[in-house]
Amino acid sequence: MLSPNKQKALLNAKKAYTSLGRIVKMLEDNKYCVDVMQQNLAVIGLLKSANNFLLEGHLNSCFKNAIVSKDEKMQEEKIQEIIKVTKLSQK
């Protein structure tokens with residue numbers, strides 16, 4: 001069973017997937033550029049939101065469990081994971 005955050009992320013990913021199909025069709029039909037760009041931005045927003053739901057869920061479960069554990073190696077791994085995905089999200 002998916003966590004509530006993963007359910008929200010999945011819903012946003014599905015919406016983005018559907019919207020991408022519409023964008024492809026708009027491009028194939030040579031639709032007005034600004035209309036296509038608006039749809040692109042909507043998809044980007046959905047994907048960013050999905051990513052935020054996943055991050056929140058990860059922080060409240062895996063990350064939290066690692067931090068309260070006595071396993072310093074696991075703690076460092078989880079910290080490095082968060083640093084890595086944060087850097088990727090800023091590109």
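The values are calculated or read from the model by the stated rules, or taken from the named source; none is laboratory data. Just so it is clear, the model here is predicted, and its values are computed rather than measured. Glycine gets a Cβ as well: all are built from the backbone with ideal geometry, and neighbour counts include every protein chain shown.
Worth pointing out:
- Here Ala50, Ala42, Ala66 are screened, and the one residue that is of a type in the set (A, V, I, L, M, F, W, C), over 14 Å from the mean Cα position of the chain (by Cα) and surrounded by 14 or more Cβ atoms within 10 Å (Cβ to Cβ) is Ala66.
- Selected residue (only one of Ser49, Ser19, Ser61 is small (Gly, Ala, Ser) and touching a Ser or Thr at 6+ places or on another chain (Cβ under 9 Å)): Ser61
- For first residues located in the stretch 11-36 and touching a residue at least 40 places away in the same chain (Cβ under 8 Å), partners that are assigned to a helix (DSSP H, G or I) and lie 6+ apart or on another chain with Cβ distances below 6 Å form the pairs Asn12/Leu46; Asn12/Ser49; Asn12/Ala50.
- Residue match in the stretch 25-35 (condition: more than 16 Å from the chain's Cα centre (by Cα), surrounded by 14 or more Cβ atoms within 10 Å (Cβ to Cβ) and modelled with pLDDT of 95 or more): yes
- Residue selected from the stretch 1-10 under the condition without any contact (Cβ under 8 Å) to a residue 12 or more places away in the chain and not in a helix (DSSP H, G or I), by the criterion surrounded by the fewest Cβ atoms within 10 Å (Cβ to Cβ): Met1
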